[in-house]
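Colleague: What follows is a structure written as structure tokens; I'll ask about it next.
The values are calculated or read from the model by the stated rules, or taken from the named source; none is laboratory data. As the structure is a prediction and not an experimental result, all values here were calculated from the model. Cβ placement follows ideal geometry from the backbone for every residue including glycine, while neighbour counts extend to all protein chains displayed. These area figures cover heavy atoms from the full protein model, side chains too; ligands, DNA and RNA do not enter into them. Shrake-Rupley method; radii C 1.70, N 1.55, O 1.52, S 1.80 Å.
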Amino acid sequence: MAVGVSTVNTANAWLNCIRASGSTRTVVAGTWVQLHTADPGASGTTAVSVGDATRKTVAQSAASGGSMAISGTAGPWTNGGTSETITHISVWDASSAGNFLYSTSLTASQAWASSNTFTLNTLTVAITPLAA
């Protein structure tokens, strides 16, 4: 599984919104980010960080030009006593349980030791290609 949008919870829901007799998509109340040490997989649950498995809330700006970015930062997460390398994130519609929305790899993996903190400063989601 390559990183990307959840087939069931995001892609199919978005596509169903544009069908003439399609269902409506419930707007999410917020989005939360979780850290991973490898590709989160199709359900977003593979290789969750042991150092801090909590999801941190993230605010997103209004979409423009087919993309949206976080406004502010997500985190910080504090490593509670392990040594690992953070390589991916998953994005959810709830702080626990909820629906997996999408995942992505970090631009650069981050070695993360006990008591270190990690803050996500940028995250942009885009839908392409767009009609000119």
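Colleague: Only one residue in GLY72, GLY81 is without any contact (Cβ under 8 Å) to a residue 24 or more places away in the chain and on the phi > 0 side of the Ramachandran plot, so which one is that?
Modeller: From the options GLY72, GLY81, the qualifying one is GLY72.
Colleague: Out of region 58-68, which residues are open to solvent by 30 Å² or more (accessible area, probe 1.4 Å) and either among the aliphatic types (A, V, I, L, M) or closer than 16 Å to THR117 by Cβ (or both)?
Modeller: ALA59, ALA62, ALA63, MET68 - these are the residues of region 58-68 that are open to solvent by 30 Å² or more (accessible area, probe 1.4 Å) and either among the aliphatic types (A, V, I, L, M) or closer than 16 Å to THR117 by Cβ (or both).
For every residue, the table says whether it meets (1) within 19 Å of TRP14 (Cα to Cα); (2) in a loop (DSSP other than H, G, I, E, B); (3) of a type outside the set (D, E, K, R).
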{"position": "VAL33", "(1), (2), (3)": "no, no, yes"}
{"position": "ALA69", "(1), (2), (3)": "yes, no, yes"}
{"position": "ALA94", "(1), (2), (3)": "yes, yes, yes"}
{"position": "ALA97", "(1), (2), (3)": "no, yes, yes"}
{"position": "TYR102", "(1), (2), (3)": "yes, no, yes"}
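Colleague: Which condition number does GLY80 fail, the rest of (1) in contact with a Gly (Cβ under 9 Å, 6 or more places away or on another chain); (2) part of a strand (DSSP E or B); (3) open to solvent by 60 Å² or more (accessible area, probe 1.4 Å) being met?
Modeller: Only one criterion in (1) in contact with a Gly (Cβ under 9 Å, 6 or more places away or on another chain); (2) part of a strand (DSSP E or B); (3) open to solvent by 60 Å² or more (accessible area, probe 1.4 Å) is unmet by GLY80, namely (2).
Colleague: Does any residue of region 45-53 turn out to be at pLDDT 90 or above, surrounded by fewer than 19 Cβ atoms within 10 Å (Cβ to Cβ), of a type outside the set (A, V, I, L, M) and in a strand (DSSP E or B)?
Modeller: Scanning region 45-53 turns up no residue that is at pLDDT 90 or above, surrounded by fewer than 19 Cβ atoms within 10 Å (Cβ to Cβ), of a type outside the set (A, V, I, L, M) and in a strand (DSSP E or B).
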